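The values are calculated or read from the model by the stated rules, or taken from the named source; none is laboratory data. Please read all numbers here as calculations on a predicted model, not as lab measurements. When we count neighbours, we look across all protein chains shown, and the Cβ atoms used for this are built from the backbone with ideal geometry, even at glycine.
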């Protein structure tokens, strides 16, 4: 039992918007929800889709899917119909939980036969996102549906966790479907998982944790899962607010928090008198992954809060592979750290051989704490990223003479902005369908707050209406893709540079923007 393994209450209490639910209360709700899922036909290894903002119901679903042996598949709630519709169809989800104000966006693409349960956003969510107090959607909502469900009475099943969708280096996303561990290996595997949770996220038995990053992302989802399993309290926020974060740390004596570099920047921008107002001495660990943290930002955070800042190199496929603490970050600025636990890390050249220290090559990794995986409906793509038992996301980097990883280029074209993975090919595929656009390329350019921002270079066909301006292109894109995927900067050019093989030479485009920067993405 988890209580026996960790020596504390089985499930952490949850604090959200000033309300607190005990672990026992959450367990009851999760068991009812798991029973309801079973009666909707959800069985071992099936998929439950979740299109919610941070909300206590999200935690219900995470906990219930552990009981039901189902994967929960997070869908970014910013997605438009085509983006969400693809994941709903590809995942084969049997049930969708969706905030009722988001339903109209995706109703037309919901697969036939998929059960849909609409969730009224918690009042704290509505206030945080300034949602209008509209009339509830037709039919029973989540609260009414859950109230009449019976507790789960089926067999004990092995937890599956989440099935995150990630594009890696190509357009359409792929579902990362992780296998289960055989029963005879579970105890040994759990030791490795606990080590990763402790060293990469600061999650230890009884910890008081804080999370304001969106649960639809992989790393925050893992953080929440581990905090609920091992912690005594998870303080979940609807969205990030810099000053409120400090207030919550003081109020709840938070020991571990998950933040990303864009949040660091906003915290550091608070006036000095506000930052000094709060007692933050309880903080022991701030975990960050998803996007690299600029050395100067990390140094400022360490000078303010002390040696509590940790950064991890990770991916949905590989899990958390390296970690670097504050002292090493100051000693080796720009590094992503050394292998975590029993992780393996190799830098391999184009010929398949190991690179010497300091030589840039392709980063290949393996984290034994995580069970192996496949891409849902695309095992060929999974096999294609493996070499000598290790996998690569296409990232380039090197290891120094002390074994510290430095990432020099990320997954070819992928952009990480504020901790969010954005895949230019997906945006380009939409943009090229706009009448008048002859060619286009989307890249990441420097941004002091987000690390990277999106920029596009667009070639306009001769004779095109002069009203096809950068702003007109942005307005057109906003009706078809999530707002955060719409390039902030659009430059009209006469031609795009290309390599000898005919592919757009994005490195040559990026170089003009990144020239003179101490750190290159």
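A few comments on the model shown:
- Some residue of segment 345-354 being within 23 Å of the chain's Cα centre (by Cα), surrounded by 18 or more Cβ atoms within 10 Å (Cβ to Cβ) and within 29 Å of residue 255 (Cα to Cα): no
- So residue 125, is it under 30 Å from residue 391 (Cα atoms), assigned to a helix (DSSP H, G or I) and modelled with pLDDT of 90 or more: no
Residue-by-condition table, conditions (1) surrounded by fewer than 17 Cβ atoms within 10 Å (Cβ to Cβ); (2) in contact (Cβ under 8 Å) with a residue 40 or more places away in the chain; (3) in a strand (DSSP E or B):
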| residue | (1), (2), (3) |
| --- | --- |
| 380 | yes, no, no |
| 383 | yes, no, no |
| 413 | no, yes, no |
| 427 | no, yes, no |
| 441 | no, yes, yes |
| 455 | no, yes, yes |
| 466 | yes, no, no |
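- Residues in segment 242-274 that are in a loop (DSSP other than H, G, I, E, B) and over 17 Å from residue 287 (Cα atoms): 269, 270, 271.
- Residue in segment 22-43 that is in a strand (DSSP E or B) and in contact with a strand residue (DSSP E or B) (Cβ under 7 Å, 6 or more places away or on another chain) present: no
- Residue 232 surrounded by 22 or more Cβ atoms within 10 Å (Cβ to Cβ) and modelled with pLDDT of 95 or more: no
- Scope segment 155-185; condition outside any loop (DSSP other than H, G, I, E, B), modelled with pLDDT under 90 and over 23 Å from residue 49 (Cα atoms); matching residues: 183
- All of (1) touching a residue at least 40 places away in the same chain (Cβ under 8 Å); (2) under 21 Å from the mean Cα position of the chain (by Cα); (3) not in a strand (DSSP E or B) hold for residue 402 with one exception: (2).
- Of note, residue 321 satisfies the criterion of being surrounded by 17 or more Cβ atoms within 10 Å (Cβ to Cβ), within 23 Å of the chain's Cα centre (by Cα) and closer than 25 Å to residue 368 by Cα.
- Candidate set from segment 275-306 (those that are in a helix (DSSP H, G or I) and at pLDDT below 90); member that is surrounded by the most Cβ atoms within 10 Å (Cβ to Cβ): 297
- Filtered residues of segment 67-78 (kept if crowded, with 21+ Cβ neighbours inside 10 Å and either in a strand (DSSP E or B) or in contact with a helix residue (DSSP H, G or I) (Cβ under 8 Å, 6 or more places away or on another chain) (or both)): 67, 68, 70, 71, 72, 73, 74, 75
- Qualifying residue in segment 192-203 (condition: under 18 Å from residue 15 (Cα atoms) and surrounded by 17 or more Cβ atoms within 10 Å (Cβ to Cβ)): yes
- Index of the failed condition, residue 152 passing every other in (1) out of contact with any strand residue (DSSP E or B) (no Cβ under 6 Å at 6 or more places or on another chain); (2) part of a loop (DSSP other than H, G, I, E, B); (3) within 30 Å of residue 322 (Cβ to Cβ); (4) modelled with pLDDT of 90 or more: (3)
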